[in-house]
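Worksheet for the structure shown next.
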Amino acid sequence: MKFKQNISIINALMRITCGFTFLTWAMTKMVKKPWKNQSYIIVVMLSAMKIGEGILRYCPVVDAMENGQNLMKSEPKQENESNQIDTY
């Protein structure tokens, strides 16, 4: 499956930087208090996801938003056509 890059290089660098920052923070917390690692594991997973998005320059949320906006633009035309047929 091939993905089209949908974020800019500056956005990608920011995602990588923030991802590594939060990943480091969560990992240090997990090392200091290993019995409380359930709450930090979520931060680790989200940080790893942000790092991956930055490296690939593809964000599925941005892609879904763009597809949703395109869908919303084409949908009212179909509703207007169906309303004109029903109004006799």
(request) Taking 7 Å along the Cα-to-C-beta vector as the label spot, tell me the Ile55-Leu13 distance in nanometres, rounded to one decimal. (result) 1.9
(request) Read phi for every residue in the range 63-70 and hand back ³J(HN,Hα) as whole Hz from Karplus 6.51 cos²θ - 1.76 cosθ + 1.60, θ = phi - 60°, with x for Gly and Pro. (result) 4, 5, 5, 5, 5, x, 5, 5
(message) With the crude spin-label approximation of a point 7 Å out along Cα→Cβ, what separation in nm comes out for Trp25 versus Met65?
(response) 2.1
(message) I'd like the accessible area for Leu56, computed on protein heavy atoms only with a 1.4 Å probe and all protein chains in place. Round to 10 Å², please.
(response) 110
(request) Keeping all protein chains in position, work out how much accessible area Lys29 exposes to a 1.4 Å probe, and write it in Å² to the nearest 10. (result) 80
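The values are calculated or read from the model by the stated rules, or taken from the named source; none is laboratory data. Owing to the predicted nature of the structure, the values given are computational and were not obtained by experimental measurement. So basically every Cβ, Gly included, is an ideal-geometry build from the backbone, and we count neighbours across all protein chains shown. All accessible areas refer to the heavy atoms of the entire protein, side chains included, with ligands and DNA or RNA removed. Shrake-Rupley method; radii C 1.70, N 1.55, O 1.52, S 1.80 Å.
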